[in-house]
Amino acid sequence: MALTAGKGGAVYVSPNGTGVAVAIGGLTNWTLDRSTDTIPVTAFGDLNKTYVQGLPDLKGTLAGFWDTVTDPLYAAGISTDGTKLYLYPDRINTPTAYDYGPAWLNTSISVDVNGAVAMSATFMAKSSWGHRP
């Protein structure tokens, strides 16, 4: 097992569902939640609760700083046909490992007199996603 620091992480996003995805600068954090639904199937006489697995509910977050020159997160957030999203845990040392897929993106901006202007976003799958190990 090889461990790695998060400093090599990267996010690529397209301005819409058909555009070319570009690297988003200024991001400091992303999360991906692939939690899977479980459906209870406990029957009379079972010694404990039992479940079958349903579908994964793919969603996550992005966070970082606002870029005054270009703001592809904003463009992706207002796109009526979604965006293409690529999430790299370590783009520098493991550029072939990433999660990807079409997504709906909701963006937020936070302005604080005592801090940097921050951007954040939540996303959820628009259709099927993939993973490259």
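Derivation of every value follows stated rules applied to the coordinates shown; laboratory data play no part. This one's a predicted model, so the numbers in the text were calculated from it and none came from an experiment. Virtual Cβ from ideal backbone geometry, glycine too; neighbours counted across all protein chains shown.
Taking only the Cα atoms of the range 7-132, the ratio Rg/Rh comes out at 1.11, with Rh defined as the Kirkwood radius. Number of Lys-Lys pairs in the range 7-132 with C-alpha atoms under 26 Å apart and a separation of 8 or more places or on different chains: 5.
Our estimate of slack between Asp33 and Asp46, defined as 0.36 nm per intervening residue step minus the Cα-Cα distance, is 1.6 nm. Loop sites here are trypsin sites (Lys or Arg not before Pro) outside DSSP states H, G, I, E and B with no more than 15 other Cβ atoms within 10 Å. The longest part of the chain free of them is 50-133. In this structure, the amide hydrogen of Leu27, modeled 1.01 Å from its nitrogen in the peptide plane, lies closer than 5 angstrom to those of Phe65, counting only residues at least 5 positions away or on a different chain. A Cβ-based charge dipole, computed about the Cα centre of the chain with Lys and Arg at +1 and Asp and Glu at -1, lands at about 240 debye.
Straightening the chain between Asp57 and Thr80 buys 6.2 nm, computed as 0.36 nm per residue apart minus the Cα-Cα spacing. If R0 is 35 Å, what FRET efficiency do you get for Thr70 and Asn114 from their C-beta distance, rounded to 0.05? The calculated FRET efficiency here is 0.85.
How high is the relative contact order of the chain, given as a whole-number percent (alpha carbon pairs under 8 Å, six or more residues apart)? Don't jump to the answer; show the numbers that get you there.
Numbers: 293 pairs, mean separation 36.7, N = 133.
The value is 28 percent.
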